[in-house]
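Data first, discussion second: the structure below is written as structure tokens.
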Amino acid sequence: LMPYESFFGALNDTRLDVDRLAVQFRVPVGDVCERIASLRQPDSAAPLAAFLRIDLAGNIATRVSNAVLNIPRYGGACPLWAVYRAILNPGRTLAQRVEISPGRELLFIANTDLGPTDAYGAPRQISSVMLALDWAEGRDTVYGSSLAGRPAIPIGPTCRFCTRANCQHRFEPSSLGLDS
């Protein structure tokens, strides 16, 4: 559905606009995000991207973790990540400029996938997806351009391993010995 050459060309033409790519290739935004994360090949200029899919309960269903972002294996990630905010805004792509550690910024792009329903009245399977790119690669995308003048939001990996003290969103104590 998304052959490498044509998809990579469209990715550059749209400046990584996941909504336009989803329409162009007639696939859900979540499939586009997952394809972007799988593009990186040894001799490719494709962006290096991490990918995350969560279910409605916040459980991590799919993860492609790499040098861009280390996604937790167990439990949830930082509640400030865009993937959790996207669940609250179904059908709308959210972009977030974040600072994961001092001097290290990322671009998060998140959207919600509304799966099909089995029958009238049956609940839909709902998931939220997120791409993470290094800010240096993400600043020239359609999302990076809109966030360029804004400061990055300080985030952490998970509450247990976050170095940010006094975070009002912390839901469990840090194992790093910080005051919460």
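Is there any pair linking a residue in the range 3-31 that is farther than 25 Å from A61 by Cα to one that is modelled with pLDDT under 95 and open to solvent by 90 Å² or more (accessible area, probe 1.4 Å), with Cβ under 7 Å and at least six apart or on different chains, and which?
These pairs meet every condition: R15/D140.
Is there a residue being within 20 Å of R150 (Cβ to Cβ) and either open to solvent by 40 Å² or more (accessible area, probe 1.4 Å) or of a type outside the set (S, T, Y) (or both) anywhere in the range 69-77?
The answer is yes; a qualifying residue exists.
Look at L107 and say whether it is open to solvent by less than 30 Å² (accessible area, probe 1.4 Å) and touching a Phe, Trp or Tyr at 6+ places or on another chain (Cβ under 6 Å). Let's see the steps before the verdict.
Working: open to solvent by less than 30 Å² (accessible area, probe 1.4 Å): yes; touching a Phe, Trp or Tyr at 6+ places or on another chain (Cβ under 6 Å): yes.
Yes.
Among the hydroxyl-bearing types (S, T, Y), over 16 Å from L52 (Cα atoms) and at pLDDT 95 or above: does that describe Y143? Can you show your working first?
Numbers: among the hydroxyl-bearing types (S, T, Y): yes; over 16 Å from L52 (Cα atoms): yes; at pLDDT 95 or above: yes.
Yes.
Just for the range 110-124: of the residues that are touching a Pro at 6+ places or on another chain (Cβ under 8 Å) and modelled with pLDDT under 85, which one is nearest to F51 (Cα to Cα)?
Of the range 110-124, the ones touching a Pro at 6+ places or on another chain (Cβ under 8 Å) are 112-114, 117, 124.
Now drop any that are not modelled with pLDDT under 85, which leaves 114, 117, 124.
Working: L114: 18, T117: 25, R124: 22 Å.
Among those residues, the one meeting the criterion is L114.
I'd like the full set of residues that are in a loop (DSSP other than H, G, I, E, B) and surrounded by 15 or more Cβ atoms within 10 Å (Cβ to Cβ), limited to the range 124-180.
Applying the first criterion (in a loop (DSSP other than H, G, I, E, B)) to the range 124-180 yields 124-125, 139-141, 148-152, 155-158, 162-180.
Within the range 124-180, R139, T141, A152, I155, G156, P157, T158, C162, R164, C167, R170, S174 meet the criteria.
Return the only residue of G58, G9 being touching a Gly at 6+ places or on another chain (Cβ under 6 Å) and open to solvent by less than 80 Å² (accessible area, probe 1.4 Å).
One residue alone meets the criteria, G58.
Which of the residues that make up the range 80-99 are open to solvent by 40 Å² or more (accessible area, probe 1.4 Å), in contact (Cβ under 8 Å) with a residue 40 or more places away in the chain and outside any strand (DSSP E or B)?
Y84
Scan R35, R26 and give me the residue that is out of contact with any strand residue (DSSP E or B) (no Cβ under 7 Å at 6 or more places or on another chain), open to solvent by 40 Å² or more (accessible area, probe 1.4 Å) and within 27 Å of P157 (Cβ to Cβ).
Working: R26 fails: within 27 Å of P157 (Cβ to Cβ).
None of the others qualify; the one that does is R35.
The values are calculated or read from the model by the stated rules, or taken from the named source; none is laboratory data. Given the structure is predicted, the values throughout are model-derived calculations rather than measurements. All Cβ positions, even for glycine, are placed from backbone atoms using ideal geometry, and neighbour counts span all protein chains on display. These accessible areas exclude ligands, DNA and RNA; they are computed on the full protein's heavy atoms, side chains included. Shrake-Rupley method; radii C 1.70, N 1.55, O 1.52, S 1.80 Å.
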